[in-house]
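Reviewing the structure listed below.
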Amino acid sequence: MYTNAQIVRVVL
Amino acid sequence: MSLPRATSGVIVQQQDGAFFLLDTEGGEVFRVNETAARIFELCQSGTTLDGAVQSLAKGLNAVDQEPDIRADVQRTVEQFQELGLCEPSPSL
């Protein structure tokens with residue numbers, strides 16, 4: 001199952 | 001056609017199951033999911049768009065989703081370019 005890419009600018 | 005090249009100084013790091021893109025020169029940190037991390041690694045390796053789509057589809061057992069994957073890869077690399085994580089290139 002493919003999940004769309006997600007990018008979030010930012011942690012530990 | 002090849003995916004845009006990853007910007008030098010940007011690395012992928014995995015920590016406790018989470019993926020991060022670290023701009024070691026600009027000092028910025030991005031949290032990404034596994035898909036985005038894989039796409040970035042494909043940019044680092046200079047893979048073609050077709051090769052990236054096939055690699056992702058096979059790796060995630062989602063061959064029937066190739067059209068959706070292609071659209072997502074194109075959207076993602078454009079976002080990488082906007083964020084300075086990939087070099088500019090002619091439009092895919």
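Considering only residues of the stretch B:3-43 that are touching a Cys at 6+ places or on another chain (Cβ under 9 Å) and outside any loop (DSSP other than H, G, I, E, B), which is most open to solvent (accessible area, probe 1.4 Å)? Filtering the stretch B:3-43 for residues that are touching a Cys at 6+ places or on another chain (Cβ under 9 Å) and outside any loop (DSSP other than H, G, I, E, B), the one most open to solvent (accessible area, probe 1.4 Å) comes out as B:ALA6. For the stretch B:44-76, a tally of residues being assigned to a helix (DSSP H, G or I) and either among the small types (Gly, Ala, Ser) or touching a Gly at 6+ places or on another chain (Cβ under 6 Å) (or both) returns 6. The residues of the stretch B:22-48 that are of a type in the set (A, V, I, L, M) and at pLDDT 95 or above, listed by number, are B:VAL32, B:ALA36, B:ALA37, B:ILE39, B:LEU42. Applying a threshold of 7 Å to beta carbon distances and a minimum spacing of six or more residues, or different chains, the list of pairs starting in the stretch B:64-77 at a residue that is more than 10 Å from every other protein chain (Cβ to nearest Cβ) and ending at one that is open to solvent by 10 Å² or more (accessible area, probe 1.4 Å) and part of a helix (DSSP H, G or I) is empty.
Which residue out of B:ASP50, B:ASP16, B:ASP23 is of a type in the set (D, E, K, R) and more than 14 Å from every other protein chain (Cβ to nearest Cβ)?
The unique qualifying residue is B:ASP50.
The values are calculated or read from the model by the stated rules, or taken from the named source; none is laboratory data. Not measured: the values here are computed from a predicted model. Using ideal geometry, Cβ is built from the backbone for each residue, glycine included, and neighbour counts are taken over all protein chains shown. Each accessible area value is taken on the protein alone, full model and side chains, heavy atoms only, with ligands, DNA and RNA left out. Shrake-Rupley method; radii C 1.70, N 1.55, O 1.52, S 1.80 Å.
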